[in-house]
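What follows is a short report on a single structure.
The values are calculated or read from the model by the stated rules, or taken from the named source; none is laboratory data. These numbers come from a predicted model, not from an experiment. So basically every Cβ, Gly included, is an ideal-geometry build from the backbone, and we count neighbours across all protein chains shown. Ligands, DNA and RNA are excluded from the accessible area calculation, which covers all protein heavy atoms including side chains. Shrake-Rupley method; radii C 1.70, N 1.55, O 1.52, S 1.80 Å.
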Amino acid sequence: MKRVSLGFAAVSLAVASMLGASGNAAAASVEQVVVAFKPNQDGAVRSWLARQGARTVHDLGEVHAVSVRLAPRALEALRRHPGVAWVEPDYEVRLMRTARQAATKMAPAVAGETVPYGIPMVQADQVPDAAAGNRTVCIIDSGYELGHEDLPMAGVTGTNLSDAGNWFDDQQQHGTHVAGTIAALGGNGVGVVGVLPSGTVQLNIQKVFGSSGSTSNSTVARAGLNCVRDGANIISMSLGGPSSSRLQELVFRLAELRGVLSIAAAGNAGDNTISYPAGLPSVVSVAAVTEAGTHASFSQYNATVELAAPGDLVLSTVPMGTALVSDTSVSGAPYESLPMDGSPLASATAALYDFGLGDADDPGVAGKVCLIQRGIISFAEKVQRCESNGGVAAVIYNNVPGMFAGTLNGAPTGIPSVSVSDSSGAAMLGQLGSSASVTVAGGNYAFFSGTSMATPHVSGVAALVWSQHPQCSAAQIRATLRLSAMDLGPGGRDDEFGHGLVQAKAAVDRITTNGCGL
């Protein structure tokens, strides 16, 4: 039987401002603030803050700033302090999950290795990465599962800035998924292949999202400064939000001056707003495209978008056992299926029974596998009615062409449930009464959608190209990626695709022919 992975979570990161307008509510909302010092005033302001009982959250001394928590009554005095350049809220950054995308591509069998569609799209399979050990990619995200079967262990370092665990574990799946697109191992016979599959690229992990998936702007800034400190060549940030901050400007401008190339997600709002840090001049903004090379509907489009990369239904690594996988067969013949999000890990085998739309009780389903058509009522209601009538598993088939990813929206169920295509449903209707088996289990790979998934494609390509031509500067690599991108959409740069789809071989060839100077 063929086992396939779910993980169709369209993942994005959004920032919610904590800044109020006036009055007590506003004062309470900015208790954690970022303070920047005027030249040669660091010591004086730090001493004043200590006298006020302020607690340092992050020391950002490299950019002459600090994030602190202090009593609201001290804020106005702080703003008036002669040694203070500016004060801004320490914005909240939250890992958000958007609406799930319809399934159009299946996950691979557990045994064997799959090349995700994005790898050839960005020409990563046309450029050897044997020299990738001379590049360090710093990933600011939710951590990294160091013991994953398909991820490098050697040459990986990190720092935990979150409230949970260590940098080498990942409560949110997101950071491990990003890392897999960059560096999943090739040739090991399992899982997927990353842009840099040899396992030689140096990875530096800055974990900023922990148990709650929420962090502060100063934590991301501290992570960026750590990337610079730890010798990163590239900073990869699958995060962002609507509020630009002076702190972001300082940190990523410093990274730029230190020869580091910063890359970030354009955002998943599907509109023309600008996300930050992607919108900063010092950061490459990455939009998402589908497997067909079209604009992904969730991807933000605006004047700051610089490059595009695959971001729709991207298959990559997640912490071991945290993805859902399913096996579905009738009379021993396998059918491609997707586990319902929220299905328990369980297995059942019984006769297949036509349960219609699942919107009415039917005692005939007792002890059988329910075959249910999509439509009329929610997936959760269908599965719960199947179970309450004695059904042992539920298979929901589509009412339009193709596969779909369904969710139970947290509804409690005790039987395994999966979705299949309309054509599979039609075939199963011809096999009623036959023995059907349905299994939902844990897996190690998942499909995610978002500009979060496009960003590591560009970060990996930047490292791949730069490893071939380490004599070039970060600015020259950035310019080369723009000039060698595959133009998509209207001729020339546009807001949906920027300069186009990032291309590894074209970039390498351009430098080989023209040199770094362009």
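Kindly report the accessible area of the stretch 411-470 per residue (heavy atoms of protein chains, probe 1.4 Å, no ligands, DNA or RNA), in Å².
Counting only protein heavy atoms, the per-residue value for the stretch 411-470 is 21 Å².
Given points 7 Å out from each Cα along the Cα-Cβ axis, report the T114 to S423 separation in nanometres with one decimal.
For T114 paired with S423, the spin-label model returns 1.7 nm.
Taking the Cα centre of the chain as origin, work out the dipole magnitude from +1 charges on Lys and Arg Cβ and -1 charges on Asp and Glu Cβ, in debye rounded to 20.
Rounded to the nearest 20 debye, it is 1300 debye.
Assuming a strict under-28 Å limit between Cα atoms, what lysine pair count do you get for the chain once near-sequence pairs (fewer than 8 apart, same chain) are dropped?
6
Which number do you get for Rg(Cα) / (2.2 N^0.38 Å) in the stretch 131-220?
On the way: Rg = 12.7 Å, N = 90, 2.2 N^0.38 = 12.2 Å.
For the stretch 131-220, the normalised Cα radius of gyration is 1.04.
Using heavy-atom solvent-accessible surface (probe 1.4 Å) with all chains present, what is the largest-first order of E92, E149, E306? Before the final figure, lay out the partial values.
Details: E92 45, E149 75, E306 15 Å².
Largest to smallest exposure gives the sequence E149, E92, E306.
Counting only protein chains, not ligands or nucleic acids, how are T290, T451 ordered by accessible area (probe 1.4 Å), most first?
T290, T451
Using the alpha-carbon atoms, what tilt in degrees (0 to 90, nearest 10) does helix 451-468 show relative to the longest principal axis of the chain?
60 degrees
For M486 and L518 in one chain, what is 0.36 nm times their gap in residues minus the Cα-Cα distance, to one decimal in nm? Provide the component values of the computation, followed by the final result.
On the way: separation 32, 0.36 × 32 = 11.52 nm, distance 1.72 nm.
Residue separation times 0.36 nm, minus the Cα-Cα distance, leaves 9.8 nm.
When the Cα centres of the stretch 477-518 and the stretch 119-194 are compared, how far apart do they sit, in Å?
25 Å
Based on the Cα atoms of the chain, what semi-axes does the equivalent ellipsoid have, where each is the square root of 5 times one gyration tensor eigenvalue, given in whole Å with the largest first? Don't skip to the answer; put the middle values down first.
Values: eigenvalues 384, 163, 73 Å².
Each semi-axis is √(5λ); the values are 44, 29, 19 Å.
Tell me, in nm to one decimal, what length is gained between S331 and D59 on full extension, where the rule is 0.36 nm per residue of separation less the Cα-Cα distance? Spell out each step's value before the answer.
On the way: separation 272, 0.36 × 272 = 97.92 nm, distance 6.36 nm.
Gain on stretching S331 to D59: 91.6 nm.
At 7 Å along the Cα-to-beta-carbon direction for both E149 and D125, put a label point, then send me their distance in nm to one decimal.
Between E149 and D125, the simple spin-label model gives 2.2 nm.
So how tilted is helix 246-257 from the main axis of the chain? Cα-based, degrees 0 to 90, rounded to 10.
That helix lies at roughly 80 degrees to the long axis.
Subtract the Cα-Cα distance of T157 and R258 from 0.36 nm times their separation in residues, and report this length gain in nm to one decimal.
Details: separation 101, 0.36 × 101 = 36.36 nm, distance 2.02 nm.
My answer for the length gained is 34.3 nm.
Compute the angle between helix 504-514 and the longest alpha-carbon principal axis of the chain, please, reported from 0 to 90 degrees and rounded to the nearest 10.
40 degrees
Compute the distance from the alpha-carbon center of the stretch 296-352 to that of the stretch 386-425, in whole Å.
14 Å
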